[in-house]
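Rule-based calculations on the coordinates, nothing more; no lab input. Not measured: the values here are computed from a predicted model. Virtual Cβ from ideal backbone geometry, glycine too; neighbours counted across all protein chains shown.
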Amino acid sequence: MATVEKDIRYGKAHPLQSLDVHRSPRDGAGWIIFIHGGAWRDPKITSDVGEPLLSRLLLDLSCNAASLNYRLSPYPNSESTSVDLESTSFNAELAASDSDASFSDSELASSDSEAAFSDSEAAYSDSEIPTSKHKLLIPDSELTSSTLRFATLDLKSVPSHTEALPPNTARHPDHINDVLSALEYLHKKYTLSNYVIIGHSAGATLACQAVEAILAGRNLPLPKVIMGLEGIYDIGGLVKEYGDDYRGFVEGAFGQEEEWPPALDVKGYKGLVVLAQSDQDELLSWRQTEDMKERLQETLGTGGAVRVVKAKGKHDEMLKTQHLADLMVRYIRGVV
Ligand SMILES: Nc1ccccc1C(=O)C[C@H](N)C(=O)O
C-alpha cells in the first residue's frame, strides 16, 4: 500500500515551507515532484491542487510523489476568501473520453521537436469542459441558512484563528529558494536519483528556475523530465502580452521591472521537456508555451528534446482531467 503524509515541514520560517509525500512500497521507485501555481500569491492554491493529478498518475505508475508548498507573496485584496467553493469536476472528467493516444515511444527518443499533436485533437464537446469555477457542491436540500452564511463570508469576517497564520510576505527569490530547499529535503531523506518535475502555471516557472539553478551548480540531481503545464516561462513577455492586469502580481512577486529575471531557457539541459497547454485556458494564451518551445530548440543540450502537447480544460481545471494524466503517463512511464 502506498502511504501519504501531508504537511511535512522542510523549513522553519513559515508553515508554507511544507510538502506532501506519497510513498511507494516498490524498491528503487522514482519520484514525481509537483509544484503548484497561483501567480506566486493566491492563498487558495496549495499543494492540494496537485492531488487529483498525482492520484491519477500513481494509479498507473507505482512511484513516489511529492507536492510542494512554498512561501507566497502578498495577496493585495480580499477577493480570495478562505471558503473554497471550487467544484472539483473530478468525477465528471473521469468519464471524459480520451481519443488521442497518438505518441509512439520512439518519438520520445527522437530529437525532432515538432509539436506532436494534430488540430483534430482539440475537438471535444463543451459538456466536458467545466464552465463554472464556483459551482456549489452542497446539494440544495442541505443548504441551510448557516451554510449559506458561511459561503458568503469575506476575509474581514474569517474567524480569528486564520489571522494567527504568519502573513504572506515572500518576494523573489524566496519562492525558488523554498522549492530548492524542498528538493534538498527530499534528496537528503530519499535520494532523488530518478525524478520528474512538474509545474503548473507559476509552478512551471519555479520548476524551470530550479533546473537552471541545478545546471548552474546547485548540488542536486537534474530531473529526467520537466513538465510545464499552462506554464509561465517569461514574465517580461507575460506583462507585454497582458499589460497591467498581470503586472500587479508580477511586481508583487518580483518587484520592479529592472529586477525581473530574463526568459527561462534551461540552457544545456539534456533531458525531455514536455510543455502542455490547453486551448480553453482563460488566463494564458499559447504564447508562453510557443515562445518557450522556440527558445528550447536553441538551448537544449545534446540529447535534450522538447514536446508540446494539447491539454484540455480551463487553467486550473486541466489538472483534474484524466486526459492530462494519460498524456503524462506516456512520457514518464519507465522513467520513474
Ligand atoms: N496563474 C496565473 C497565471 C496568469 C494569470 C493569473 C494566474 C493566477 O493564478 C491568478 C490567481 N488565481 C490570483 O488570483 O492571483
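Residue separation times 0.36 nm, minus the C-alpha to C-alpha distance between K12 and E294: what's the value?
97.6 nm
Please work out how much length the chain gains when fully extended from D244 to T3, using 0.36 nm per residue of separation minus the C-alpha to C-alpha distance, in nm with one decimal.
Stretched out fully, the D244 to T3 stretch lengthens by 82.3 nm.
Relative to the compact-globule scaling 2.2 N^0.38 Å, provide the ratio for the alpha-carbon radius of gyration of segment 221-314.
Working: Rg = 13.9 Å, N = 94, 2.2 N^0.38 = 12.4 Å.
Here the Cα radius of gyration is 1.13 times the empirical estimate.
I need the calculated FRET efficiency for the pair S193 and E259, taking r as the beta carbon distance and R₀ as 35 Å, to the nearest 0.05.
With R0 = 35 Å, the Cβ-Cβ based efficiency is 0.50.
Within the set K224/K314; K293/K314; K270/K314; K12/K188, which residue pairs have Cα atoms separated by over 25 Å?
K224/K314; K270/K314
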